[in-house]
Amino acid sequence: MSALILIAVSTVTQADTIRRTIPANKTSAVGAHATYGPFCKAGAIPKMKVTKQPEHGTITFKQVSYKLSEGAGRCAGQSVKGTAVVYKPKRGYRGKDVFKVGYVMDMYTAGSGKIRNVVDKYVIEVK
């Protein structure tokens, strides 16, 4: 699951297109989001919602706790809580599915909190 973690960090956070390949007939974590500030303190857990439903599966969200990877710089190894995006394809479906997930997060810039709305597009290849 840690390889699928997408961390929302400081001012470098932006909406992305996230591409994943998953096995048919299996529920899979396809991403996760968390926030933390400049002093490695965990922020509020993002409230996620599906803004465009997938045509060939369902989306659920699960609260997860994990340690930040080396990509988090000086915050690597710190524990944070976040929300995992979990995709379940329809039984027997194989092919591409697309959906969008939106969330609101705090942005920490120059010591003052700002709010940012983010919508990520997921492109899932079910094989």
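Rule-based calculations on the coordinates, nothing more; no lab input. Keep in mind that what you see is a predicted model, and the values were worked out from it rather than measured. Neighbour counts run over all protein chains shown; Cβ positions are idealised from the backbone, glycine included.
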Cross-link partners of Lys26 among lysines (Cα-Cα below 30 Å; sequence separation of 8 or more within a chain): Lys47, Lys49, Lys52, Lys62, Lys67, Lys81, Lys88, Lys90, Lys96, Lys100, Lys121, Lys127
Modelled FRET efficiency - R0 22 Å, Val98 with Tyr66, Cβ distances, 0.05 increments: 0.25
Give, as ranges by residue number, the residues of segment 20-55 whose backbone N falls under 19 Å from the point 7 Å along Cα→Cβ of Lys88. 22-32, 48-55
Within segment 75-97, backbone nitrogen closer than 14 Å to the virtual label 7 Å beyond the Cα of Cys40 toward Cβ: 75-80
Reachable aspartates and glutamates from Lys41, criterion Cα separation under 14 angstrom, eight or more residues apart if same chain: Asp106
